[in-house]
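Structure first, commentary second.
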């Protein structure tokens, strides 16, 4: 049996992969990895690896269930998520279609990007995003958000800012009310798979709001996506959210660097 | 197309990222390959107070705090390491010597590696938990070093290197790094002050390699030999695995092999095998019982071979034996020390699992069982095929003097038998170098293993408690046996006490924050009624007449939750202790003295915080309304039960306080009647009270008194019950899942079968067990005009047929299962003794939250909430502690009675007579070779063997040794249907003594010193059945 975070973290203030509470895993990313698509990206957050490609904006398909009326005000975002059978510890045979987990990720991504992108520029068209999870080692949704952002930037689809996602957890089960005087639990940034399985965590994605007016702050951020599947006492949410938002900021800078670096090349 | 492979070469930030790859297999047999990332870093501190670099880089938590450095700057030295040393143990060192690491005399400043902790967790979860506890305490200075994450100490497994070798290499690497690191940081200081790093490992290969690499490494044994008290410490090492393996190779196997885990699991699922807790009969060490779901009656496990190395308390898997081997429970008393007196602990070669003597003891059993088949009494028997969980603990015992060799003078190691005090546990073979010193001492040992090749379990010595029969040793033995936490409170707990100490007062001004949410009840005439000499006064009462003719009755309980905040050190300590344990001459407190006997205690004449339950009652004791509030009270008087009774009975007293006590008494009688009408049971337990007033002159036995029940006892009891029930309903309505409640399950009717049978046969009395009410009525009818104690005896026996009451979280059972059988209440909890029970403290918090009390800091509502898991853990612990506390209390009384008898006989011995004392006793159980009698005067029950029957031919009472010889001549005629036993000398049936169940007999009680066997030196209460009949 491997060690667990909730036992050893209070003793050493180190997580099971050697990180401190506020450290991200190593992020590596490239864009334009697939010349056949309009835009594409590869992103690895630790051992979580995602490939993403974007097609479109293209003309909406005929014979659509909505009879072509969909997208009359702007482009429709379609997301398709495929988690490879070899992505997790146990090899799963998937009968082609999507399972619950990938379905949920897909619908979360769809609603996040549908509202995030400037879709009104492309009425009657479809932007389709394909996400392939090659390896899942925690924070899959956050990594997928980041990969999609990169691929959409690569495809040249206008958006107000980079949408960056990150996870934040607590270093214990956090099921009883937080004691402000005797704070024993630390928030953890960017949880890995073993931490996801043991601890409560949330996924948050933020976008930077462009500076408005002379007093506009460049660092203003807007939370555009927030999900949580685990149970945690509500008194801890604020801490977790603050840490998650801070992580998004760090990730945005990394994504920014990737984009700028690749255009220079 | 670009390659998407992760390329670490170009990026400098990736230099520290590596991965750990390992393969594991799951329970279902799947093999998984796990790949984990590792971020290597250089800011993991060495945690030595000598270090000048690490404090500046150590990782911080979210609040910016650094974990304090633990390793002392001046670690203890030994002869080999005069400059002091830090210890780096290997996994096998911890596996073999955890007791040593916990020892308070040595093993300070220990560096526990992540590698070692992880390996230990894989090998033994209990040891892992003990190690974690050690790391968490400050005193021992254990430091958990995450070596795998430190760049310098990270070790990659090489091609063809076994995991074991890699881990050993990791340990050596750390030792080397620590040496260099400490040398570097202390360069400015004198070279002398650098402590040595000592690796402790029992792996020969590792020792060799360490030598090559210039790392100081010692085997556990060699290291300990260099310490002071080496002899004592050496005995604490587990029998080394190598020695065990060597023996196994010789292939002398006495016991059948256990089934494999998967075979057991399949069998359990298919219903062929059963799982349960193995329980050894208190009268026959060769017979065990196991309660499983598939059978109504417990399965019987007969003999050493079938019990197959299981020890009482283990969770085992059993297989039911074919029907022709079924039998009824034993009717014979079999004591281990008598049967196996002459076993030799050294000689293994000529051992058989079942000795001839044991076989004889058992054969009689089987023959008898077949004779009784007519009645359909035999019960299914089973054999143990595997152990799911060992429940071994540390055992208190004595070295069997007959097992020590003749040459005890030298320091040579030898095997001795240790006889545990607990009769259900077999003797333990222990290797020791100090056999001579240990004779006549109470010692603590633990079991390490019980292998197939050994008749008895092997264990090792932990420490000596002191001379036999000294008060301190016997008291400590008793506390250890019942797992009572008796160590003084650590500093961290005492730090949680109010800083004012004994000078703490209820704030004068009612505007003070302490008064927030509290009602001022200082003008009420409140008094407390407790046993004499009570210091921790939990409860106080008052009653007053209201203008509308009804009464206001209040129960005021010490507000402990005001002082004990959840999850601080004091709260955690209290939750572990669970309850205060009362011994005859000692009280082991749950809460520190300051709180228990002063600040919380509702002492008279001073203001105290309280939690009050107030009812409005009609004169017929119907409750009109109930109200709960935190309050401030001032008790007017603290009465003892007798004082209160006298005051109530004294017609000249007409003051208001006495009047209110009379009102309380009146109402309590009505409440009691109502409860009895609802079917509450009036149970009895054999309790005596000891008044230790230490008068040297009088008869020592005069202190032993049976508990008298005064009306004032039941006054207090009724209102406490009523308060508990009212509170239970309130917290259940607020916390339907997590309310802390107490229930007493309805006992299954088959539990009473034997008692019903016995009563019908012997007295022609019927016991109705369909409901508690019916049982209460039928118990009332079980009387014997000539024998007033008979009714109590039946009640005692009936109580033993029942299940015990237990704490539980409301979510754990359906509402219909909440019933308290004994009290005939649909819901119940404990609220009234928070000073001495942890459950009550939790209930206080829950009630405070339920009435929206905010407290000084507005957090009282938060304090009331608890998760179900935590609640279940707490319930499990306090149920266990509660049971143990009762046993410990009883054992203490038993010990005291023995001592009193001894003191008496010593006094009388001056006159040359050692005659014991004559008392009435009642026969509780009849066996083939003895009976169990109960002596109400002393509240003790004891076994009377054949030789202890005084036949008409015996004139004088003889000495123990003489009596022992009698046994060969004695003959008995046992009638299991009629529960009679006729004892006579062989061939002289005409002069016999016949006893039957429930009979009143005259016995002679004396205290004798055991010369051999389990109780060596311990006083045993000897009971002789006298010939004189009334």
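The values are calculated or read from the model by the stated rules, or taken from the named source; none is laboratory data. Worth saying up front: this structure is predicted, and the values here are computed from it rather than measured. So basically every Cβ, Gly included, is an ideal-geometry build from the backbone, and we count neighbours across all protein chains shown.
Might you check whether a residue that is touching a residue at least 12 places away in the same chain (Cβ under 8 Å), in contact with a strand residue (DSSP E or B) (Cβ under 6 Å, 6 or more places away or on another chain) and part of a loop (DSSP other than H, G, I, E, B) occurs anywhere in the stretch A:142-157?
No, the stretch A:142-157 contains no residue that is touching a residue at least 12 places away in the same chain (Cβ under 8 Å), in contact with a strand residue (DSSP E or B) (Cβ under 6 Å, 6 or more places away or on another chain) and part of a loop (DSSP other than H, G, I, E, B).
Of all residues being free of Cβ contacts under 8 Å to residues at least 40 places away in the same chain and within 14 Å of chain A (Cβ to nearest Cβ) in the stretch B:41-51, which is surrounded by the most Cβ atoms within 10 Å (Cβ to Cβ)? Just the residue, please.
B:45
Identify the residue in the stretch B:538-550 that is at negative phi and surrounded by fewer than 22 Cβ atoms within 10 Å (Cβ to Cβ) and, among all such residues, is nearest to the chain's Cα centre (by Cα).
Among them, the one singled out is B:544.
Which pairs turn up if I take residues in the stretch A:220-241 that are away from chain B (no Cβ under 14 Å) and assigned to a helix (DSSP H, G or I) and look for partners that are buried (at least 17 other Cβ atoms within 10 Å of the Cβ) and modelled with pLDDT under 90 with beta carbon separation below 9 Å, at least 6 apart in sequence or on another chain?
Final answer for the pair search is none.
Restricting to the stretch A:231-243, give me the number of residues that are touching a helix residue (DSSP H, G or I) at 6+ places or on another chain (Cβ under 9 Å) and surrounded by 16 or more Cβ atoms within 10 Å (Cβ to Cβ).
Number satisfying all stated conditions: 1.
Any chance you could count how many residues in the stretch B:52-74 are in a loop (DSSP other than H, G, I, E, B) and away from every other protein chain (no Cβ under 14 Å)?
Adding up the residues that qualify gives 5.
Can you name the condition, by its number, that residue B:748 falls short on among (1) surrounded by fewer than 15 Cβ atoms within 10 Å (Cβ to Cβ); (2) over 30 Å from the mean Cα position of the chain (by Cα); (3) touching a residue at least 40 places away in the same chain (Cβ under 8 Å)?
(2)
Residue check: is residue B:124 within 13 Å of chain A (Cβ to nearest Cβ) and within 31 Å of the chain's Cα centre (by Cα)?
yes
Restricting to the stretch A:28-58, and then to whatever is in a loop (DSSP other than H, G, I, E, B) and within 7 Å of chain B (Cβ to nearest Cβ), can you tell me which residue is nearest to residue B:17 (Cα to Cα)?
A:46
Within the stretch A:171-196, count every residue that is within 7 Å of chain B (Cβ to nearest Cβ) and not in a loop (DSSP other than H, G, I, E, B).
Count: 1.
Could you say which residue among A:98, A:107, A:69 is at pLDDT 75 or above and surrounded by fewer than 19 Cβ atoms within 10 Å (Cβ to Cβ)?
Result of the check over A:98, A:107, A:69: A:107.
Which one of these does residue B:125 not meet: (1) out of contact with any helix residue (DSSP H, G or I) (no Cβ under 9 Å at 6 or more places or on another chain); (2) more than 24 Å from residue B:178 (Cα to Cα); (3) crowded, with 20+ Cβ neighbours inside 10 Å?
Condition (3) is where residue B:125 drops out.
List the strands (runs of 3 or more DSSP E) inside the stretch B:502-562, counting only whole elements, that have at least 1 residues being farther than 21 Å from residue B:835 by Cα.
Per the criteria, B:518-520, B:539-545, B:551-558.
Residue by residue, here is whether (1) modelled with pLDDT under 85; (2) not assigned by TED's automatic domain parsing to the domain that holds residue B:117 holds:
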site: B:4; (1), (2): yes, yes
site: B:17; (1), (2): yes, no
site: B:23; (1), (2): yes, no
site: B:66; (1), (2): yes, no
site: B:70; (1), (2): yes, no
site: B:79; (1), (2): yes, no
site: B:85; (1), (2): no, no
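If you go through the stretch B:300-315, how many residues are in a strand (DSSP E or B), at pLDDT 85 or above and buried (at least 22 other Cβ atoms within 10 Å of the Cβ)?
2
Among the residues of the stretch B:477-508, which ones are in contact with a strand residue (DSSP E or B) (Cβ under 9 Å, 6 or more places away or on another chain) and modelled with pLDDT under 85?
Across the stretch B:477-508, there are no qualifying residues.
Output the residue which, of all residues in the stretch B:563-593 that are over 29 Å from residue B:859 (Cα atoms) and part of a loop (DSSP other than H, G, I, E, B), is nearest to the chain's Cα centre (by Cα).
B:583
Those residues that are under 29 Å from residue B:442 (Cα atoms) and surrounded by 12 or more Cβ atoms within 10 Å (Cβ to Cβ), I need them from the stretch B:480-515; list them, please.
Of everything in the stretch B:480-515, those that are under 29 Å from residue B:442 (Cα atoms) and surrounded by 12 or more Cβ atoms within 10 Å (Cβ to Cβ) turn out to be B:480, B:481, B:482, B:483, B:484, B:485, B:486, B:489, B:490.
In the stretch A:1-27, which residue that is touching a helix residue (DSSP H, G or I) at 6+ places or on another chain (Cβ under 9 Å), assigned to a loop (DSSP other than H, G, I, E, B) and more than 7 Å from chain B (Cβ to nearest Cβ) is surrounded by the most Cβ atoms within 10 Å (Cβ to Cβ)?
Checking each candidate, the answer is A:15.
Looking at B:107, B:101, B:81 in this structure, which one is more than 10 Å from chain A (Cβ to nearest Cβ) and at positive phi?
B:107
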